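The values are calculated or read from the model by the stated rules, or taken from the named source; none is laboratory data. In this text, all values refer to a predicted model and were calculated from it rather than measured experimentally. Cβ sites come from the backbone with ideal geometry, for glycine too, and all protein chains shown count toward neighbours.
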Amino acid sequence: MPGRVVFIGDEITAAGFRLAGVCARVPGSGEEAACLREELAQTAFILLARGTAARIAKPDLQRALASVSPLVLVVPDARELPPASDVAARVRLQLGVGET
């Protein structure tokens, strides 16, 4: 699908993205790189949880991040987010413009 957005990461964070209407995938242990490769071939925008990104070989991850299409963005997972009381900080962090 040309305009498809996908989140790849842990189950808790994936649940939040599903509530927002984003397709979410939770790869099994050792399946992270294969899941990313599959989505690179069919997705316009990939949100990749930081913990999941850490389990992908550095050359593969760097190649995905450097590609122009699809756009790949590493985002914090739910455990890394600030308390819900600071919604503005949480949104900035999710967009990749906040501090962890």
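Brief remarks on what is shown
- Tally of residues being touching a Ser or Thr at 6+ places or on another chain (Cβ under 8 Å) and surrounded by fewer than 16 Cβ atoms within 10 Å (Cβ to Cβ) across the stretch 30-54: 1
- In this structure, ARG79 does not satisfy being modelled with pLDDT of 80 or more, assigned to a helix (DSSP H, G or I), more than 16 Å from VAL6 (Cα to Cα) and charged (D, E, K, R).
- Residue match in the stretch 13-29 (condition: within 16 Å of PRO76 (Cβ to Cβ) and of a type in the set (S, T, N, Q)): yes
- Selection count, the stretch 47-76, where residues are part of a loop (DSSP other than H, G, I, E, B) and not β-branched (Val, Ile, Thr): 7
- Evaluated against (1) modelled with pLDDT under 70; (2) under 23 Å from GLY3 (Cα atoms), LEU73 falls short on exactly one condition, (1).
- Those residues of the stretch 1-36 which are part of a helix (DSSP H, G or I) and modelled with pLDDT under 95, in sequence order: GLU11, ILE12, THR13, ALA14, ALA15, GLY16, PHE17, ARG18, LEU19
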